1. Is the range 418-428 home to any residue that is over 17 Å from Val50 (Cβ atoms) and either of a type in the set (Phe, Trp, Tyr) or open to solvent by less than 40 Å² (accessible area, probe 1.4 Å) (or both)?
2. In this structure, does Val412 turn out to be buried (at least 19 other Cβ atoms within 10 Å of the Cβ), modelled with pLDDT of 85 or more and assigned to a strand (DSSP E or B)?
3. I'd like to check which helices (runs of 4 or more DSSP H) are fully inside the range 128-213 and have at least 3 residues that are open to solvent by less than 10 Å² (accessible area, probe 1.4 Å) and within 20 Å of Thr306 (Cα to Cα).
4. Can we say Ser383 is surrounded by fewer than 21 Cβ atoms within 10 Å (Cβ to Cβ), in contact (Cβ under 8 Å) with a residue 40 or more places away in the chain and either within 30 Å of Met457 (Cα to Cα) or out of contact with any helix residue (DSSP H, G or I) (no Cβ under 7 Å at 6 or more places or on another chain) (or both)?
5. Go through (1) of a type outside the set (Phe, Trp, Tyr); (2) out of contact with any Lys or Arg (no Cβ under 7 Å at 6 or more places or on another chain); (3) touching a residue at least 12 places away in the same chain (Cβ under 8 Å) one by one and return the number of the condition Gly441 breaks.
6. Of Arg407, Arg468, which residue is open to solvent by 50 Å² or more (accessible area, probe 1.4 Å) and in a helix (DSSP H, G or I)?
7. So which pairs qualify, if the first residue must be in the range 354-369 and closer than 22 Å to Ala126 by Cβ, the second must be modelled with pLDDT under 75 and assigned to a helix (DSSP H, G or I), the Cβ gap must be under 8 Å, and the two must be at least 6 apart or on different chains?
8. Looking only at the range 472-493, decide whether some residue is within 30 Å of Ser142 (Cβ to Cβ), of a type in the set (Asp, Glu) and open to solvent by 60 Å² or more (accessible area, probe 1.4 Å).
Amino acid sequence: MSLRTEHAAVNEPADPLPGPLPWQWLIGITALAALLRAIALNSDLWVDEVFSLLASIRRPIIDSFVSFTGDTQHPLYMPLAQLSVAIFGESPASIRLPAMLFGVASVPMLYRLGTAVTTRREAAIAASLLALSYHHIWFSQSARGYTMLAFWLLLSTWLLLRLVRRPTVLLLLAFAASSACGVFTHATMVFAILGQALVLGVYLLAVAADRRAINWPWTIAAFALAGAFTLLLYAPMLDQVISFFLHRRSPLVGVSTPHWALGEAYRVLQAGLGALGPAAGPAVLMALLVLMTGFISFVRRNALATALFTVPVLVTFAGALLARGTMYPRFFFFLAGFFVLLLVRGTLVIAMAVAAWLKWRWLRPSLAAYLAAGLMLAVSAASLVPLYRYPKQDFSGAMQFVDSVSRDQDRVVAVGTAARVYREYFGRNWPAAASDAELQGLRASGQRVWVVYTLAMYIAAEDPQLMRVLNEDCRQRQRFRGTLGGGDLYVCVLEPRNPASEG
């Protein structure tokens, strides 16, 4: 089985990107990726970024290696963010800088991996699409380790594909180190590595008659060394990590369910196709069809590489449920590079097949492929407009509005996660209302109460009555949009309530 993909589904010209042109192009597309990720990098932090800042980035750098504070801590990201803050001062841009840099680096890394499993043309289109991707830019501007995770997986997979054929000590060490860095960035990388190890194990059984196809002693040694490096990195806080993921069930188990995650993934994909307006929904379904076409084409031409791309999805799904019982679309973001390769393949295969079926003299299969790729890139570029229009969460906008409309005798209260953000990050002494009883106590003071809240889904899960009051009794509601799903900020006012007069 060849690790190099060859096209045979339709007649197509030889790879049209020979010579030095790809490197000239690659420099340009990487520079464009950097520019797109620098725009609005200093916009408001969202809640997880704030919690990471408060719990980890503002602490001594040694704490990132010896103390695990929870799932908002991405251990390898934190010291890099701390270094950035030390150099540039604390700001949203400096805190996000490592995510941006790894997001940019993922573009040429995807091209490099792509050339190992498909043609230069497909690899170039895939890298271009990643550079223009709404979702990849979003995560590249989030002070979390997800773009780092995506980069480490792309790098380790490329190294693995080389290692299994022509092993060297340098490849073995590089694969083990990149895999360990990925796991130390975020524990979900374990699922990707386990998935790829599972694929190679099954492959060994399937080709037992020709075990020379893969150098098994070196491959096994590479995974073992990756595990050893990972344990060394986590050793000072391993007991804390195990306790957190295996013995502390998330309070959001009943909220962040697989069913919810599926619906949220659909909404997120729609956001990335927002330029299509009402057609965004059908376009998501079309994208899934194209993705499946790309998957089938890859399976036919390179089943091993396809399995290395897709089995980690299933293992990540199972592992997330078993670990803490919650599911978020972002758990799968680090597989984005693989999905882009499949999407590009599906698009080109369908375009060339349609051109062959139409038999129009002017529409050659290769031209159809380029037109389809151009349309895909144009839609992706157009989707960036709403990405830059709004911050992830507009905490500043909501706060400034409250300051402009509230009077001295009014009270301002923050509900849910907004309370900690305004108190510990913005330094506002607004009281917090964690329950309906606390909110009603503030209303009984005889003053108007301005309420600021976000992430209503979680408020409703913790106190349905509190959410009902906010929906039914809170007036003059103002909405401050953000690109985080469910993360819009709301400001509304509750009129005073006097229990004595009501009695």
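1. Scanning the range 418-428 turns up no residue that is over 17 Å from Val50 (Cβ atoms) and either of a type in the set (Phe, Trp, Tyr) or open to solvent by less than 40 Å² (accessible area, probe 1.4 Å) (or both).
2. So Val412 passes the test.
3. In the range 128-213, 146-163, 189-206 are the helices (runs of 4 or more DSSP H) which contain 3 or more residues that are open to solvent by less than 10 Å² (accessible area, probe 1.4 Å) and within 20 Å of Thr306 (Cα to Cα).
4. No, not satisfied.
5. The single condition Gly441 does not satisfy is (3).
6. Arg468
7. The qualifying pairs are Ala355/Pro365.
8. no
The values are calculated or read from the model by the stated rules, or taken from the named source; none is laboratory data. Being a predicted model, the structure only gives us computed values, none of them experimental. Don't worry about glycine lacking a Cβ; one is built from the backbone with ideal geometry, like all the others, and counts go over all protein chains shown. For the accessible areas, the whole protein counts, side chains as well, though only heavy atoms, and no ligand, DNA or RNA atoms are used. Shrake-Rupley method; radii C 1.70, N 1.55, O 1.52, S 1.80 Å.
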